[in-house]
There are 2 protein chains.
Amino acid sequence: MASSTTDQPALKVAMLGCGVVGSSVATMLVENADDLAARVGARLDLIGIAVRRPERPRPDVPVDPALFTADADTLVRSADIVIEVVGGIDPARELILTAIEHGASVVTANKALLAEDGPTLYAAAADRDVDLYYEAAVAGAIPIVRPMRESLVGDDVQRVLGIVNGTTNFVLDKMDSTGAGFAETVEQAQALGYAEADPTADVEGFDAAAKAAILASLAFHTRVSSADVHREGITEVTAADVQAAREMDAVVKLLAICEVVRDEAGTPSGVSVRVHPAMVPRSHPLASVRDAYNAVFVEATAAGELMFYGKGAGGDPTSSAVLGDVVAVARHRLAGGHGPSESAYADLPVVDMGRAMTRYHISLAVADRPGVLAQVASAFAEHQVSIETVRQRVLGDGDDSRASLVIVTHLASDAALAATVQALSGLDTVDEVVSWMRVEGA
Amino acid sequence: MASSTTDQPALKVAMLGCGVVGSSVATMLVENADDLAARVGARLDLIGIAVRRPERPRPDVPVDPALFTADADTLVRSADIVIEVVGGIDPARELILTAIEHGASVVTANKALLAEDGPTLYAAAADRDVDLYYEAAVAGAIPIVRPMRESLVGDDVQRVLGIVNGTTNFVLDKMDSTGAGFAETVEQAQALGYAEADPTADVEGFDAAAKAAILASLAFHTRVSSADVHREGITEVTAADVQAAREMDAVVKLLAICEVVRDEAGTPSGVSVRVHPAMVPRSHPLASVRDAYNAVFVEATAAGELMFYGKGAGGDPTSSAVLGDVVAVARHRLAGGHGPSESAYADLPVVDMGRAMTRYHISLAVADRPGVLAQVASAFAEHQVSIETVRQRVLGDGDDSRASLVIVTHLASDAALAATVQALSGLDTVDEVVSWMRVEGA
């Protein structure tokens, strides 16, 4: 699919960073140059790649070694389009702001920066009438930023449930298929390259929280930053939790959840944005997302249920998203105009986790004698929590026999559910609250 | 999520048609007016709705009855944005061209018109520097047009497999779950409102073929019209075919397939665009698309495998897509610029069905005696078709006993596979070619 590119105009493209994603972007810019030129209507000339050590040999990156430079600041001042794939907060923020100030459009994959300080960047881009595009920042190759900020912009998004971190999905999927525990499975993931040597950002949910903040901002036309996101990782998920999920025909997933919270009249009064493990019924489309794949499930008033599925990380998938954005902003530079700016007019408050409406799966070890269930049920009733199902199993026999009680609740405020768990642990008939986990997607 | 709209600029919106989709679009324009104004940066003023009988009472559409008019031609000349949801080729084409000529941007859901004569419309829009958007034309609420023409435009799409017709997916899914035949299931679908009184456009694959043409045009930067699409419907799919699929752990789906065809050196030499029933392994993400849902599975070089899932039809889901486009084109009118124009530079030929590379599932009734399999295998070998699996089952016993042979092939040209089936039916040891069906997504 090539075409002649002679006599075409050209746009100057600068890149910041040349790690896994950057190498792939540079390779695609070179190898697909003719197709990209035909799609844009102008050649994309790579004018430089800013890296810490420009002299280091990079045989895998098919560009003139003279393009590598340590002087990122000078580079971004002369570009039409700056691709930022260096990651982290600083110096990425300053470089992006400098690029915008000098009139460049910016394509970034930097979720951490956008989730921490996006509005500063969006405002700078709007002031200078340039584009700031970031499809690659959420769920890698999966088109989700553009669908959220353009395709669904005439609808009202009610809820987003996302599997947006491949490492944790790989670990939880393997725990489900092998029955192994968390620590052992993370080691396996590390050996296979699915988890970093220090897996904290993934397993503690920091990566997913940044993506949740970006998704919520887009979905609800409201500013949400990483700090607003309630975050629980998967380090406490046990083989027993996964087994308990299996018994109710569910799987454990780390979900990024963004949803509208309504007052009693049904008017939106806030948004809940959170990352935590949850049991998801196997009949739900998200339950079938295996290995390190990502998926984002969206519920909107008119559209109904939508799901977007694909690879959430990796050099080539992320590059696909970056280059889609590069073509879009390049077309804008030729045809005039720019893509959508930040939309934050709704300005809804982010509510505390306690006000989120959730369901709990609670597993109790109790005495096997008359009246126990009544006492347990009373604890739920006192906190206005309604029970959906109870499953009781007797363990052992005789006077001292014990039982296991597994309870799934209806929707209630997370605060009421947490208080119920607290109250249950204080009952004399309850030996132990063996585990509890939220249930989503039912 | 409302905001004040006083003193905002306004854009004049005209609508053509007020059926199921039009009623929903009009209702959303009115009921969500404040949110839409905040997202666009201007009010969207509905200036008229062209319908055949303007005097007919429409109590479900919450607009001033004076807005209804029979004079579509005059209406489109004074609009900033024209929403075309009247369907069909004429007069939709003339009205869209008139609207564009008078400087309006157009949002349409008209797959039949785009698949028949899209390039005329795209060229007119490009000449006048206005937008022609059509997210709703393919797969209803599912964002797929925008991802194909914007998100994946930096990548190379290799294959698209789409379940893009809800009626046929409903019928095939019910045949799978009930074991019933085609005619009976279509009647059930009609009773439930999932199939029209005259289901021809759906069950014969015309609707899916129009969508395949649009998807292929976008995926391969090549003009593809409905007439180029090889089309087979589902009317010949029997309960036995569905049962045969079950036996190989597959389901039957009507697929819209768009794929690059390569020459022996691996260079793209054409595109295959086709609609036909196919067996899809249950492990493939498309197999779990139930009821009347739609899904589009995309394979791209860098992005890998992606899937987009949701509701493919209905008033509200289609309106969601229409209004997303309305907001996009309205933003362009305010900020300047426009969205992507037609990209057809690759200009690859659409190849005959015979050159498509497919796999066949073939079921034969044969004599149960030595040498039969050898004779059958020779017929495949003569046509250069390689066999993946053979399953033989003896039916009855004694001298006259018969056997069933189920064969699944490797990839071969459809012409070679069809010739093999022809040859098999002429073998004296073959009583009957009981059925054959293509296999996709393996």
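The values are calculated or read from the model by the stated rules, or taken from the named source; none is laboratory data. Computed from a predicted model, the values in this text were never measured in an experiment. Cβ sites come from the backbone with ideal geometry, for glycine too, and all protein chains shown count toward neighbours. SASA here: full protein model, heavy atoms, side chains in, ligands and nucleic acids out. Shrake-Rupley method; radii C 1.70, N 1.55, O 1.52, S 1.80 Å.
How high is the FRET efficiency from A:ASP249 to B:ASP90, r the C-beta distance, R0 45 Å, rounded to 0.05?
For R0 = 45 Å, the calculated efficiency reads 0.25.
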At a temperature of 10 °C and a viscosity of 1.306 mPa s, determine how fast chain B diffuses translationally according to Stokes-Einstein, using the Kirkwood radius over alpha-carbon pairs as Rh; express D in µm²/s, rounded to the nearest whole number.
67
Please get the size of the charge dipole for region A:28-109, origin at its Cα centre, with Cβ charges of +1 on Lys and Arg and -1 on Asp and Glu, quoted in debye to the nearest 20.
120
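Could you size up the charge dipole of region A:145-311 around its Cα centre, putting +1 on the beta carbon of Lys and Arg and -1 on that of Asp and Glu, and report it in debye to the nearest 20? Spell out each step's value before the answer.
Details: 14 positive and 24 negative charges, 86 e Å.
Here the size comes out at about 420 debye.
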What does the average come to when, for each residue of peptide A:279-286, you count the partner chain Cβ atoms lying within 10 Å of its Cβ?
1
Would you kindly derive the ³J(HN,Hα) couplings of region A:68-78 from the backbone phi angles with the Karplus curve 6.51 cos²θ - 1.76 cosθ + 1.60 (θ = phi - 60°), listing them in order in whole Hz, with x for Gly and Pro?
6, 9, 8, 9, 4, 4, 5, 4, 5, 6, 10
Test of understanding: in a Gaussian network model of chain B with alpha carbons linked when under 10 Å, which of B:VAL394, B:VAL82, B:VAL224 would top the mean-square fluctuation ranking?
B:VAL394
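How much length would be gained if the chain were fully extended between B:ALA33 and B:HIS102, taking 0.36 nm per residue of separation minus their Cα-Cα distance, in nm to one decimal?
Values: separation 69, 0.36 × 69 = 24.84 nm, distance 2.53 nm.
The span from B:ALA33 to B:HIS102 would gain 22.3 nm if fully extended.
Hey, any idea what % of region A:145-311's accessible area is carbon plus sulfur with a 1.4 Å probe? Walk me through the intermediate numbers first.
On the way: 2550 of 5460 Å².
Carbon and sulfur atoms account for 47 percent of the accessible area of region A:145-311.
Given the rule -39500 (n - 2.57) for each run of at least 4 DSSP H residues, summed and divided by the residues of chain A, what is its mean residue ellipticity at 222 nm, to the nearest 500 deg cm²/dmol?
Working: 13 runs with 148 residues, N = 442.
Counting only the DSSP helices, I get -10000 deg cm²/dmol.
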Taking alpha-carbon centroids only, region B:121-168 lies from region A:73-147 a number of Å equal to 26
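What does the structure give for B:136-144 when I average, per residue, the other chain Cβ atoms found within 10 Å of the residue Cβ? Please list the in-between numbers first.
On the way: counts 0, 0, 0, 0, 2, 10, 7, 12, 3.
Average per residue, whole number: 4.
To the nearest 20 debye, what is the magnitude of the charge dipole of chain A about its Cα centre, counting +1 on the Cβ of each Lys and Arg and -1 on the Cβ of each Asp and Glu? Write out the running numbers ahead of the final one.
Values: 34 positive and 61 negative charges, 134 e Å.
Taking the Cα centre of chain A as origin, the dipole is about 640 debye.
Give me the inter-chain shielding for B:153-160: mean count of other chain Cβ atoms within 10 Å, whole number please.
Numbers: counts 12, 22, 12, 5, 0, 0, 0, 0.
Counting Cβ atoms of other protein chains within 10 Å of each residue's Cβ and averaging gives 6.
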Amide H neighbours of A:ARG43 under 5 Å, at least 5 residues apart or on other chains, H built in the peptide plane: list them.
A:ALA10, A:LEU11
Cross-link partners of A:LYS211 among lysines (Cα-Cα below 16 Å; sequence separation of 8 or more within a chain)
A:LYS111, A:LYS253, A:LYS311
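Taking the Cβ of A:ALA300 as the centre, find all other residues whose Cβ is under 11 Å away and add up their charges (Lys, Arg: +1; Asp, Glu: -1). Mind showing how you got there, number by number?
Numbers: positive: A:ARG159, B:LYS311; negative: A:ASP155, A:ASP156, A:GLU299, A:GLU305, B:ASP316.
Here the count lands on -3.
Could you tell me the total accessible area buried at the B-A interface, probe 1.4 Å, in square angstrom to the nearest hundred? Walk me through the numbers on the way to the answer.
Details: alone 19040 and 19050 Å², together 33590 Å².
Answer for the B-A pair: about 4500 Å² buried.
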Per the charge dipole of region B:145-312 (beta-carbon charges, Lys/Arg positive, Asp/Glu negative, Cα centre), the residue among B:ALA250, B:ALA195, B:TYR309 reaching farthest to the positive end is B:TYR309
In nm, to one decimal, how far is the A:ASP198 label point from the A:ASP64 one, both placed 7 Å along Cα→Cβ?
3.8
Highest-MSF residue in chain A out of A:GLY315, A:GLY396, A:GLY88 [GNM, Cα springs under 10 Å]
A:GLY396
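First measure r as the distance between the Cβ atoms of A:SER288 and B:ASP73, then evaluate 1/(1 + (r/R0)^6) with R0 = 60 Å and state the FRET efficiency to the nearest 0.05.
0.75
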Set the Förster radius R0 to 51 Å, insert the Cβ-Cβ distance between B:ARG262 and A:ALA191 as r into 1/(1 + (r/R0)^6), and round the FRET efficiency to 0.05.
0.90
What figure in square angstrom, to the nearest 10, would you give for the accessible area of A:CYS18 with a 1.4 Å probe?
20
For labels at A:ASP127 and B:ALA240 in the simple 7 Å Cα→Cβ model, what's the distance in nm?
7.5
For chain A, built as a Gaussian network whose Cα springs stay under 10 Å, the top-fluctuating residue of A:VAL406, A:VAL296, A:VAL157:
A:VAL406
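Taking only the C-alpha atoms, wrap a convex hull around region B:353-439 and report its volume per residue in Å³ as a whole number.
Details: hull volume 6.7 nm³, N = 87.
It is 77 Å³ per residue.
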Need one number: % antiparallel among DSSP beta bridges in the protein assembly as shown, to the nearest 5.
70
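Under 8 Å for C-alpha pairs, at least 6 residues apart: give me the relative contact order for region B:341-442, rounded to a whole percent.
Numbers: 172 pairs, mean separation 42.8, N = 102.
This gives 42 percent for region B:341-442.
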For the pair B:SER386 and A:ARG391, how long in nm is the line joining their label points, each one 7 Å along Cα→Cβ?
4.7
Over region A:145-311, with the other protein chains present, what is the accessible area per residue in square angstrom, probe 1.4 angstrom?
33
Would you mind getting the accessible area per residue of region B:353-439, heavy atoms of the protein chains only, 1.4 Å probe, in Å²?
49
Axis-proximal residue, chain A, for the rotation superposing A on B (Cβ, Å):
A:GLY337, 1
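Largest first, what is the accessible-area ranking of B:GLU264, B:GLU101 with a 1.4 Å probe? The partial results should precede the final answer.
Numbers: B:GLU264 200, B:GLU101 120 Å².
Largest accessible area first, the residues go B:GLU264, B:GLU101.
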